[in-house]
Amino acid sequence: MVLAGGTGSAKLLRGLKGEAGEFTVISNVADNFWHHGLYIAPDVDIAVYTLAGLEDAVRGWGLRGDTFNSLGQLARMGEETWFNLGDRDLATHIFRTEQMGRGKRLGEITAMMCARLGVRQRVIPCTDDRLETYVTTRTGAMHLQEFWVKNRGEPEVEGVEYRGEEGAKPERGAIEALDAAERIVFCPANPVTSIMPMLAVGGIRESIVRSRARKVAVSPMVGGAPVTGPAGKLMRAIGLEPSSLAVSKLYRGLIDCMMVDPADAHYAEAMRAEGARAVVGSILMRTPADEVQLAREVLSA
Ligand code: FO1
């Protein structure tokens, strides 16, 4: 069982795909949003595309070899084009939005996508309810995609909120999958925008706490900065230093061990006080061989 966010998670999923065979992914949905009348679910799509072998591994999102002609035409018609929807990627969003219009749940639609794209693993969006990460800036609150993609993560951040967290119920099958898991893996995902929203969904945190599974996290930080993405700025905004130690504090009570880079080996003792054993090794997945190696270590940690 794997808890996954976006681009950082995809690398580990790719490694796990070959090593672990069939497993379940619970995917973050708090960066989902409506755009051009379509419902976009970036983390769900990154997981599905990666497990289907269709992902653009260089960009970390979208489909390999995709083109952007539709976006060009939208620009010509004076529409917003800050979110790069590829021509083939658009098919996913059209399919999802159409199925939603027919009353299908996000979980059902994702299962259909997996079946049709030949994905052997199960991908379960953490909730079918509204759950969205909003970033509070000096000029007001904005959706995570608006902050990160439209504004390139530049605005000063004052806080982070998960809109809808009070009422978000777990998607069908999520709790059962957690309860049945022998191992729960926290991908090296942004803790603030990917893992924490999933933990805010009713019952998910509690299932992980009570689970007797081996619980392993891969740190998304190396030496005081995130490997990718806006995690550093957002962690500071919620009063935490961007470090592996701070991530272990966020995951207190949820994990047995955390894989950290040698640059973070000095946190081992402090992490132990947070209840997590530090497993020091190479966590930077620069090559496909690194992804496989880390997946093996995660499966034996
Ligand atoms: N991320 C970007 O930084 N720029 C983009 O233009 C962009 C387009 C995009 C299109 C489809 C999709 O599924 C994801 C896309 N992403 C893009 C990634 C995404 O916004 C974030 O990286 C994830 O939400 C992080 O979890």
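Odds and ends about this structure:
- Principal axes of the chain: Cα extent on each, largest first, Å: 58, 44, 39
- Taking a ≥ b ≥ c as the square roots of the eigenvalues of the alpha-carbon gyration tensor, the range 98-149 is classed prolate because a/c is 1.5 or more and a/b outweighs b/c.
- Taking other C-beta atoms within 10 angstrom as a stand-in for reagent exposure, Leu299, Leu234, Leu178 fall in the order Leu299, Leu178, Leu234, fewest first.
- Coarse-grained scattering of the range 168-290 at q = 0.12, 0.19, 0.22 Å⁻¹, given as base-10 log I(q)/I(0) from a Debye sum over alpha-carbon atoms: -0.43, -1.05, -1.30
- Rg/Rh ratio calculated on Cα atoms of the range 161-229 (Kirkwood radius): 1.00
- Under a 5 Å amide H cut-off, with hydrogens placed 1.01 Å from N, Met258 pairs with Ala217, Arg277, Ala278, Val279 among residues at least 5 apart or on other chains.
- Over the chain, dividing the summed -39,500 (n - 2.57) contributions of all DSSP H runs of at least 4 residues by the number of residues returns a 222 nm mean residue ellipticity of -10500 deg cm²/dmol.
- Between the alpha-carbon centres of the range 98-166 and the range 243-294 there is a gap of 26 Å.
- Calculated from the alpha-carbon coordinates, the range 132-176 shows an Rg and a Dmax of 13.5, 42 Å respectively.
- Between amide H atoms placed 1.01 Å from N, distances below 5 Å from Arg183 occur with Arg214, all of them 5 or more places distant or on a separate chain.
- Taken over the range 48-109, the alpha-carbon convex hull comes to 97 cubic angstrom per residue.
- Volume per residue that the Cα convex hull of the range 98-193 spans, once the total is divided by residue count, Å³: 156 Å³
- Among beta bridges identified by DSSP and lying wholly in the chain, the antiparallel ones come to about 45 percent.
- Cα-based shape type of the range 1-94, given that a ≥ b ≥ c are square roots of the gyration tensor eigenvalues and the cut on a/c is 1.5: prolate
- Backbone HN-Hα couplings from phi across the range 277-282 [Karplus 6.51/-1.76/1.60, Hz, Gly and Pro as x]: 7, 7, 10, 8, x, 6
- Of the GluC sites (Glu not before Pro) in the range 118-195, those whose Cβ has at most 16 other Cβ within 10 Å and which sit in DSSP loop: Glu156, Glu166, Glu182
- Under 5 Å, built H, 5+ apart or other chain: amide partners of Gly153: Trp148
Values quoted throughout were computed directly from the atomic coordinates according to the rules given, and no laboratory measurement underlies them. In this text, all values refer to a predicted model and were calculated from it rather than measured experimentally. Reconstructed Cβ throughout: ideal geometry from the backbone, glycine too, with neighbour counts over all protein chains shown.
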